Amino acid sequence: MSDVTFLRQREPVDEYGRALYAISRSILRAMLDQLSTQDLTDLNVDRVDVTMRQLSHYVRLERDKGMRGDGFEWAVHEAIAGNEPLVTELVADALARTSPKVFRGSSGTSSLLFGYERAKYLGFLEAVVENAGEEAVLLPDSQGRPYRFASDWLKHAAQGATAEVLLGERIKKIWKTDIFLSDENARRYAAATIKSNHRLLEGGPGLRVAIVPAATDLRPGVRYDRSRGLWLTVLPDPDGFMGLFNDAYWSVASAVYTIGKQERPPYYMKPSVKGQRVAEQIEKYPTAKVIDIENALDEAAQQHLVEVKHQLVSVEAPEWLHINELRTPVIAPRPHFEPLD
């Protein structure tokens, strides 16, 4: 099990600026919560007394750059595992298009989390194979023989980009897989990549499906992305919460980069104009306690926009694999979906 902090929208956004304060407050709190007992010992301070400067110097967003996107992967997996129809229907549609003879007419979907970053943990690969089953196979394309999960390619994929020479041309990019998708029989799988920002999508041999949230320039639905060779599955986000979450995340991140004197990410990873104003206000209080900044943000925020929910999410691993002791908790917006017309 893995401890995940979900940010879930409770009320419609009625004023963007106040909504930004609300999300920024929760993200800041989640960052503070991520400090372990050892971290606090190194800082020689109790959690409630951690200052914004201490947090900014200690947190390394570049090192943990997958934190935000990782949370979105968990959210998608949870939606499939929970049989959320507004997610599973789109995923089933995409699967049916990747291999019509195999998946068309299926009555359900299933998923296996992968991600080579996770695969380094003791027992994770064994858990993937165990949950897939002895007869499980990967369908990397529409022709040729499938790959058995209980073979060496999965171990190679866990090594990341360095293993491409070992994987062969048909599954050269399979290491980029975030989740393996199948129907209710969970025997034949297609590899999928998941991104919280569709502009960061990358395709390649072995990958069949891409899952992303809707954006202002990307409408919901399923269609083929010829440039990447992927069946694009765009999950609807009717209230624009994912965009709001991203803006708030980069607002807080911008303040952390400035106060902590950290190297900034590429220019396109920055908040909106209003988000920059949020960051500038946080930057005014480097010596203030994080808790006090939270309280100030709380006063300015829409009080009931966000609820913070801590829960355990299955990682498809045996009971003895305690990933929560080895991983940094992740921040994730919990998808909220509406029926498609």
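Read the figures in this text as sums done on the coordinates, not as results from a lab. Quick caveat, the model's predicted, so the values are computed rather than measured. For neighbour counting, all protein chains shown are included, and Cβ atoms are generated from backbone atoms with ideal geometry for every residue, glycine included.
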- Per-pair calculated FRET efficiency, R0 = 41 Å: Asn44 and Glu169 via Cβ, rounded to 0.05: 0.15
- Semi-axes in Å, largest first, for the range 68-235 (Cα gyration tensor, √(5λ)) are 22, 18, 16
- Query: On full extension of the chain, what length is gained from Arg187 through Arg264, given 0.36 nm per residue of separation minus the C-alpha to C-alpha distance?
  - Reply: 23.3 nm
- Taking a crude spin-label model, label points 7 Å out from Cα along the C-beta direction, the Thr216 to Gln276 distance in nm is 1.5 nm
- Size of the range 168-254 as Cα extents on the principal axes (Å, biggest first): 41, 28, 24
- Task: Subtracting the Cα-Cα distance from 0.36 nm times the residue separation, let me have the gained length for Arg226 to Asp292 in nm, one decimal.
- Result: 18.8 nm
- Length released on extending from Gln143 to Asn83, taking residue separation times 0.36 nm less the Cα-Cα span: 18.6 nm
